[in-house]
There are 2 protein chains.
Amino acid sequence: MNNETSFPTIGILGGGQLGRMSALAALSMGVRVKTLSPTASGPEAHIGDVTVGDWNDPAIMAAFVNGCDVVTVESEWAPAELAEAVRDPATAVWPSSKTLKIIRHKGRQKKALEAAGIPVPEFQICGSLSEAKEAFSRFGHRVVAKKFEGSYDGYGNATVQSLKELDVAWNDLSSEDGLLIESFVPFTRELAMMVARSSSGESVVYPLVWTEQKDHRCHAVTAPSPSSDRTQQVARKMALAAADAVSVVGLLGVEFFELENGDLLVNELAPRPHNTGHFTIEACHTSQFENHVRSILNWPLGDANLQVPAAVMVNLLGKRSGLVQTTGLEAAMGISGASIHIYGKHETRPNRKMGHVTVTASDSGTARSKAEQAASLIIL
Amino acid sequence: MNNETSFPTIGILGGGQLGRMSALAALSMGVRVKTLSPTASGPEAHIGDVTVGDWNDPAIMAAFVNGCDVVTVESEWAPAELAEAVRDPATAVWPSSKTLKIIRHKGRQKKALEAAGIPVPEFQICGSLSEAKEAFSRFGHRVVAKKFEGSYDGYGNATVQSLKELDVAWNDLSSEDGLLIESFVPFTRELAMMVARSSSGESVVYPLVWTEQKDHRCHAVTAPSPSSDRTQQVARKMALAAADAVSVVGLLGVEFFELENGDLLVNELAPRPHNTGHFTIEACHTSQFENHVRSILNWPLGDANLQVPAAVMVNLLGKRSGLVQTTGLEAAMGISGASIHIYGKHETRPNRKMGHVTVTASDSGTARSKAEQAASLIIL
C-alpha cells in the first residue's frame, strides 16, 4: 500500500444517477471527479468537472482520460474499450473491458458462472431455432428467452410456454449468434447482494437484500433479506465466487432467485453500483458508492455491514412524460425519517428511475411503511 | 405547505467545508446549488454552480442572488446585508442579517440570551477599563475577556487573573465599544446541541453531544453526550429558546458549559451548521446539512434523532504549512468503519480544519478508539 497519497482523480463514463452518487461519495473523501457523458441529461450537472461530448470520439475520450488516475463506468455499455485504447499507461480502467465483455453478453455471463461452479438456472445457448426448440422441450416446455445483449427490466426477455411463443421470441429477440434459453425458475423471492472488489483482490460483501419488482422493475429493497442464516452464508460465497469469476474490479451486483427450499441460483450480474444497493448510503458504515471509489483506487475497502437494524428503499419512477414538474416533494419530506434522493433528471417518462427513498428503522416493517408512504406522495 | 414544487435553487455565500457539505446534501435532494466565495480555496470547486468573486461588490452579489430562491451563509461573517439589499423580493436570505448582527457581537448575543431567560455565565459589557476592573472584582478576580467581534477557537479571548493581565487584555482585545468580561466558569464538560428552525417556526433538535477541545480547538465530539436525562432535557429547552431568541432560520449551534452539579450555561451560538454537528451525516436520520437546506427552504424538517447507538467525530487539523500533500490516507481507510471526510482545501496550515473522521458503533468507546486511530494516521 502506497502511504504517500495526493488526492487522485477518477473519471466516470456516464451521466446518470449511478455516476452522480459515485461522484458525491468521491468528493466527500477529497477525491477529484471528472465525468464524460454523451448527453446533458441532468444528473451529471454541477457535480465534478463535467464534459458532455461524443464518447465514441477517440480525441474526446483521450482528452477526458488524460489526467485521470482511474476511469470507471456507470454502465456496462459505456465505451471502456476506447478508454483503454487511448489511455496513458498510468491510467487504470476499472472494471476492465474484459469483465464488461463477459457481463454484457448473457450467454458468456452464464457460461462464466457455470464454469466457476456457481448454481444458475439451466440454460442453453441456442444458435438456431431448432436448438431453441430442443432446449424448450428439454426444460419442460416452460422457459425464458433472453436476448444476449441489451435486455433489462423486462425488455428483451420473454416467458415462453408454447412452440408458437418460441417462434415469436426467436423472431423478436435472437441476434446473429442466437438466443439464450433458460429453464423457468419457480422462485419464491428475488434477492441481491453487492460485492466490492479491489484490484488487489480484497473483497467486501454487503448484506443480502430482498428485492421486489413491479412490472419487471425494481420497486422495493429490504435489508437485510428475511432469509435464513444459511441462505445468507451461501449467498455470500456465491457472490464472492461470481466476483472472482468475472475478475471484476469495482462493484458487482449479484441477483439471485431464492427457491422454496432456500436454495439460491444466480440470475444476473451487473458490474457497477446497483439499484439494490442504494440503501447502503444510510444503512451501512460505508456505502456502495464509496466502496466503488475505494475499490477502483485500490484503497482499503470500508465496512459493508449494516449500522442500523433494518432499511427499506423504494424507487421513485417517472409517472408521466416531459420536463420534470414535481408534486408532493414537500409532503414526502414530512414523513419523518425518510431520506429522499432526487437524481436531477431534466426529463421524466413513465417508469424512468427519477429518485429513491430510504428509511432506516428498528424493524423492516416500520421502514417499509414509511418509505412507501413517502414515495407514494412524490409525483415525478 | 405548497404541494407544487419545482426544484429550487439555493445560493451559498462561502466556499469552505460548511458550504461544501451543505451543497452535497442539497444536491442529493435534487436542489440546485450556487456558491459565491471571495477566493478559490478548494472546498467549493466542482460542487454546484461556482462563482469566485468579490462578494462585497453589489453587481457581483446581485448577479449571484438573481435566480436563487434562498440565499444562505456558511459563516456569520458573510455579507448577508448586501444579499438582502440587492435581492429580488422573491428571494429569501436565511439566516437574516438581523440574526447575524446579534450573533456576531458577543455583547449583543449575551444580552439576547439573558433577555430570553437563558442561563449564561455572569457577564458585563464594559465600555471602559474602569468598568472592566469593576467587573473583574465583582466576578471574583478570575474572568474571561472576550473581543466583541471576531473571537473564535481561542483567538480574541483571554483568561484574566490579575489587574495586570486585565490591562493587557484591554489593550489587545477591546474595540471602540469596549470589551466583554465574563465570570470564569469552572465547567466539567463542554457540550453542544444543534437546532434546525424553519421560517414557519418548526424546529428539530439534535442529540446533546460532548465536545472536547485541544489547544482551544474542537478535537472530538461524542454523541450522545454522557450526561443525565435531565441535563439532556434542559439542554433541549435552552437550545430551542436560544433559537427563538435570535429568530434564527437555518441551523443554530449552541455551545454549553456543564457544571459539576449538572447545570448548564450557554457559552456561545453559531447561526449555521457547526463542527459539533458533523457526526449527524452518518449517525442521524437527517444530517445537519440536509436540515439546514430544508429549513431555509421552509420544507418539513427531517428526523434529527440518532439512527445508531453512538458516534464519535474527530477533526483532521492541518499539521504543516503549504500546498496539501497527504500521507496516511490509505492507512486510515484501513480502519474498518471509519468515514473519512476531506474538504479539498488547496493549502494547509497548522490547526486548519482540513477534514474529519466519523465512526458509528454500538458504544462510544469503540467509536472513539477507531476514530482517533484513523485520524492519527492522516497527515494533512
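Just a few scattered comments:
- Distance (nanometres) between label positions extended 7 Å along Cα→Cβ at A:Lys237 and B:Ser376: 4.0 nm
- Here A:Lys106 is the anchor, and the lysines within straight C-alpha reach of less than 20 Å, apart from those fewer than 8 places off in the same chain, are A:Lys98, A:Lys133, A:Lys146, A:Lys147.
- Distances from A:Glu81 to itself in the other copies, using label points 7 Å out along the Cα-Cβ axis, amount to 6.4 nm in increasing order.
- Neighbour counts of C-beta atoms inside 10 Å place A:Glu134, A:Glu190 in the sequence A:Glu134, A:Glu190, starting with the fewest.
- Shielding by other protein chains, A:27-40, mean Cβ within 10 Å: 4
- Largest-first principal axis extents, alpha carbons of chain B, Å: 59, 50, 44
- Legend: mean number of C-beta atoms from other chains within 10 angstrom of residue C-beta atoms, peptide A:325-337, equals 6.
- Cβ crowding within 10 Å averaged over residues, with B:151-157, A:195-201, B:291-297 ranked highest first: B:291-297, A:195-201, B:151-157
- Calculated label separations, B:Pro119, copies of the chain, 7 Å along the beta-carbon direction, nm: 6.4
- Debye intensity ratio I(q)/I(0), log10, the stretch B:169-277, q values 0.13, 0.17, 0.20, 0.23 Å⁻¹ (C-alpha model): -0.52, -0.83, -1.05, -1.23
- Applying Stokes-Einstein at 37 °C and 0.692 mPa s to the Kirkwood radius of the stretch A:189-377, computed over alpha-carbon pairs, gives a translational diffusion coefficient of 194 µm² s⁻¹.
- On the beta carbon distance between A:Lys164 and A:Ala115, with R0 = 30 Å, the FRET formula returns roughly 0.30.
- Relative contact order (%) - chain A, alpha-carbon pairs under 8 angstrom, separation at least six: 14 percent
- In this simple spin-label approximation, B:Asp177 and B:Arg320 carry label points 7 Å from Cα along the Cα→Cβ vector, and these lie 4.4 nm apart.
- Two-decimal Rg to Rh for the stretch A:304-379 - Kirkwood Rh, Cα set: 1.02
- The amide H of B:Asp303, built 1.01 Å from its N in the peptide plane, has A:Gly337, A:Ala338, B:Thr286 as neighbours under 5 Å, considering only residues 5 or more places off or on other chains.
- Cα-based convex hull volume of the stretch A:84-165 per residue, rounded to whole Å³: 132 Å³
- Counting Cβ atoms of other protein chains within 10 Å of each residue's Cβ and taking the mean over peptide B:366-374 gives 0.
- With both labels modelled 7 Å from their Cα along Cα-to-Cβ, the A:Trp77 to B:Arg217 distance reads 5.0 nm.
- All-pairs alpha carbon distance profile, the protein assembly as shown, 20 Å steps from 0, percent: 16, 48, 27, 8, 1, 0
- Kirkwood hydrodynamic radius of the stretch A:1-123, from the reciprocal of the average inverse Cα-Cα distance over all distinct pairs: 15.5 Å.
- Calculated on the alpha-carbon coordinates, the convex hull of the stretch A:122-183 measures out at 67 cubic angstrom per residue.
- About the centre of its Cα atoms, the stretch A:9-93 shows a dipole size close to 280 debye [charges on the beta carbon of Lys, Arg (+1) and Asp, Glu (-1) only; nearest 20 debye].
- Ordering B:Gly127, B:Ser137, B:Ser96 by the projection of their Cα atoms onto the charge dipole of the stretch B:51-148, which places +1 on the Cβ of Lys and Arg and -1 on the Cβ of Asp and Glu, puts B:Ser137 at the extreme positive end.
- Each pair of Cα atoms in the stretch A:110-250 enters the Kirkwood radius, and Stokes-Einstein at 20 °C and 1.002 mPa s then converts it into a translational diffusion coefficient of 128 µm²/s.
- Estimated vicinal HN-Hα couplings, Hz - the stretch A:43-56 in sequence order (Karplus 6.51, -1.76, 1.60; Gly, Pro = x): x, 7, 5, 6, 10, x, 8, 9, 10, 10, x, 6, 6, 8
- Straightening the chain between B:Glu134 and B:Thr188 buys 16.7 nm, computed as 0.36 nm per residue apart minus the Cα-Cα spacing.
- Per-residue extension of 0.36 nm, minus the Cα-Cα distance of A:Tyr155 and A:Glu347, leaves a gain of 67.0 nm for this segment.
- Cβ-vector label at 7 Å, B:Thr188, separations to other copies in nm: 5.5
- Per-residue ellipticity at 222 nm, computed for the protein assembly as shown from helices alone with -39500 (n - 2.57) per DSSP H run of at least four residues, works out to -8500 deg cm²/dmol.
- Overall, the ratio between the Cα radius of gyration of the stretch A:174-237 and 2.2 N^0.38 Å, rounded to two decimals, is 1.45.
No value in this document is a laboratory result; all are computed from the given coordinates. Since the structure is predicted, the reported quantities are computational estimates derived from the model, not experimental observations. In this analysis, Cβ positions are derived from the backbone assuming ideal geometry, glycine residues included, and neighbour counts consider all displayed protein chains.
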